[in-house]
Amino acid sequence: MKTFRTLAAACAVSLLALGAAHSQATAPAEAGKATIPAPAYVPQSGQAGKDVIWLPTQDALVQRMLEMAKVTKEDKLVDLGSGDGRTVIAAAKRGLNARGIEYNPDLVTVSQRAAEAAGVADKARFEQGDIFEADFSEATVVTLFLLPELNLRLRPTLLNMKPGTRIVSNSFTMDEWQSDETAVVAENCSNFCRAHYWMVPAKVEGTWKLDDGELKLTQKFQMLEGTLTRGGKDTAITDAKMTGAAINFTADGVRYTGTVDGTRISGRSEGNGAAQDWQATRSAS
């Protein structure tokens, strides 16, 4: 009987030990299973967004857009609807301080991680927000890849930015605001390979007083029409255009160039065998 009890006790101890060993062996596996991270978010081309589906701008076109804007390290770029962040990151790699505004918070996270991986997190900043409510007035360059109707909603805001601000759009235009330049990328780009460029013009419509005359201007975006009056003679101006704050026009065979600074224009005229400085002040009326 004693032998039987001793054997039973030994078996019980062995079973307990086996159970403990089994628990120790399976616990790490169960714990490991419980801590498997969820798959990282991966954006899909064509996925739905707030106002438009998301399609990434192809890298070759990104570079062409930055070249069209003639970006420098002194520029501040803002990408409206920045998606996976590639335009902002490309600008940051060129030394710019760049900012992306994106409505989808998951895409913002993807962009931030991509900027860190590219080593430009100090220059590439991303934020979740609505591009129609955000303040991006500090930008000297604005990039976008939106539908035409969204471009039109943004157009009044863009036109109110500082003269000389450069705007570059992937594929889509600003309707009757004609682009200053259009480019098509033929290599390493399979679709949506066209870019449009504008420079925000100074607002000059109205009457300007010269020392010896008067300049009346009408304006449609960067294009100008009007008359120059000197010595009682009215002359229609031609080839008249704003390029940021720079004004250019021809009147009676004389080419006028100048720079608009608020209510004043200062410049140079050349033609008919003479060259001289000219100035104009906006009329209060």
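The values are calculated or read from the model by the stated rules, or taken from the named source; none is laboratory data. Not measured: the values here are computed from a predicted model. In this analysis, Cβ positions are derived from the backbone assuming ideal geometry, glycine residues included, and neighbour counts consider all displayed protein chains.
Each residue in the range 188-199 was checked for being on the phi < 0 side of the Ramachandran plot, in contact with a helix residue (DSSP H, G or I) (Cβ under 9 Å, 6 or more places away or on another chain) and either surrounded by fewer than 22 Cβ atoms within 10 Å (Cβ to Cβ) or modelled with pLDDT under 95 (or both), and 4 pass. Quick check on Thr235: is it assigned to a strand (DSSP E or B) and without any contact (Cβ under 8 Å) to a residue 60 or more places away in the chain? For Thr235, the condition - assigned to a strand (DSSP E or B) and without any contact (Cβ under 8 Å) to a residue 60 or more places away in the chain - is met.
Within the range 64-96, the set of residues being in a loop (DSSP other than H, G, I, E, B) and more than 12 Å from Ala139 (Cα to Cα) comprises Ala69, Lys70, Thr72, Lys73, Gly81, Ser82, Gly83, Asp84, Gly85, Arg94, Gly95.
Considering only the range 231-275, state which residues are basic (Lys, Arg) and closer than 15 Å to Leu217 by Cα. Within the range 231-275, Lys241, Arg264 meet the criteria. Could you look through the range 200-230, keep only residues that are β-branched (Val, Ile, Thr) and surrounded by fewer than 20 Cβ atoms within 10 Å (Cβ to Cβ), and pick out the one that is farthest from the chain's Cα centre (by Cα)? This residue is Thr229.
The set of residues in the range 41-93 being assigned by TED's automatic domain parsing to the domain that holds Ala121, exposed (fewer than 12 other Cβ atoms within 10 Å of the Cβ) and not β-branched (Val, Ile, Thr) consists of Lys70, Lys73, Glu74. With the structure loaded, tell me whether Lys203 is part of a loop (DSSP other than H, G, I, E, B) and of a type in the set (D, E, K, R) or whether it fails that test. Taking the combined requirement at face value, the residue satisfies it. For the range 244-285, filtering for residues that are of a type outside the set (Ser, Thr, Tyr) and surrounded by 12 or more Cβ atoms within 10 Å (Cβ to Cβ) leaves 22. When every residue of the range 182-192 is checked against the conditions, none turns out to be more than 30 Å from Asp59 (Cα to Cα) and without any contact (Cβ under 8 Å) to a residue 60 or more places away in the chain. On the stretch given as the range 165-200, residues that are part of a loop (DSSP other than H, G, I, E, B), over 30 Å from Ala284 (Cβ atoms) and in contact with a Ser or Thr (Cβ under 6 Å, 6 or more places away or on another chain) total 1.
Answer yes or no as to whether Ala280 is among the hydrophobic types (A, V, I, L, M, F, W, C), closer than 30 Å to Thr157 by Cβ, in contact with a strand residue (DSSP E or B) (Cβ under 6 Å, 6 or more places away or on another chain) and in a loop (DSSP other than H, G, I, E, B). Against the criterion (among the hydrophobic types (A, V, I, L, M, F, W, C), closer than 30 Å to Thr157 by Cβ, in contact with a strand residue (DSSP E or B) (Cβ under 6 Å, 6 or more places away or on another chain) and in a loop (DSSP other than H, G, I, E, B)), Ala280 does not qualify. The condition of being in the same structural domain as Gly164 (by TED's automatic domain parsing), under 16 Å from Phe145 (Cα atoms) and not in a loop (DSSP other than H, G, I, E, B) holds for only one of Arg99, Arg113, that being Arg99. Could you say which residue among Thr182, Thr165, Thr243, Thr157 is of a type in the set (S, T, N, Q) and farther than 30 Å from Leu55 by Cβ? Just one listed residue meets the conditions, Thr243.
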